[in-house]
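Read through the structure below, which is laid out as structure tokens, and then see the notes.
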Amino acid sequence: MARKKVQAAEKTETKTAEAYEKAAAPEKKAAAEVKKPVGRKPVKRTEMKTSVSVQYMGKDISDKEMIALIKKDWTAKKRKVSEIKTMELYVKVEENMVYYVINGEETGSVAI
């Protein structure tokens, strides 16, 4: 009789363990669903807009005006604006000149 009680207890424990696993299974699935990476939209980054203006002895010239003068000088030398990859400007207000270096090689100057 003791064996029957032990076998019955083992069956009950097995049924209880199975019932617990079945009951916990939806929770495990729900937890797995929550942990999945959520599709995120990429953050659109915008460049900071800047403006530079040089004022000296009653004269005022903006960076856009200086760049336009340099592009005009560049095209006057039979070059294309599309060839410009980098442009470095050096302003000497005492000489009323803007010196430039284009693409790290070509140099020139324009009066302001």
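The values are calculated or read from the model by the stated rules, or taken from the named source; none is laboratory data. Just so you know, these numbers come straight off a predicted model, no measurement behind them. All Cβ positions, glycine included, derive from the backbone under ideal geometry; neighbour counts span all protein chains shown. Heavy atoms of the whole protein, side chains included, go into the accessibility calculation; ligands, DNA and RNA do not. Shrake-Rupley method; radii C 1.70, N 1.55, O 1.52, S 1.80 Å.
Take the residues of region 89-108 that are open to solvent by 80 Å² or more (accessible area, probe 1.4 Å) and acidic (Asp, Glu): which is nearest to Met57 (Cα to Cα)?
So the residue we want is Glu94.
Only strands (runs of 3 or more DSSP E) whose full extent lies in region 62-112 are considered here, and the ones with at least 2 residues that are among the small types (Gly, Ala, Ser) and modelled with pLDDT of 90 or more are 106-111.
If only residues of region 48-82 that are touching a helix residue (DSSP H, G or I) at 6+ places or on another chain (Cβ under 6 Å) and under 20 Å from Asn103 (Cβ atoms) are counted, the one that is surrounded by the most Cβ atoms within 10 Å (Cβ to Cβ) is Lys71.
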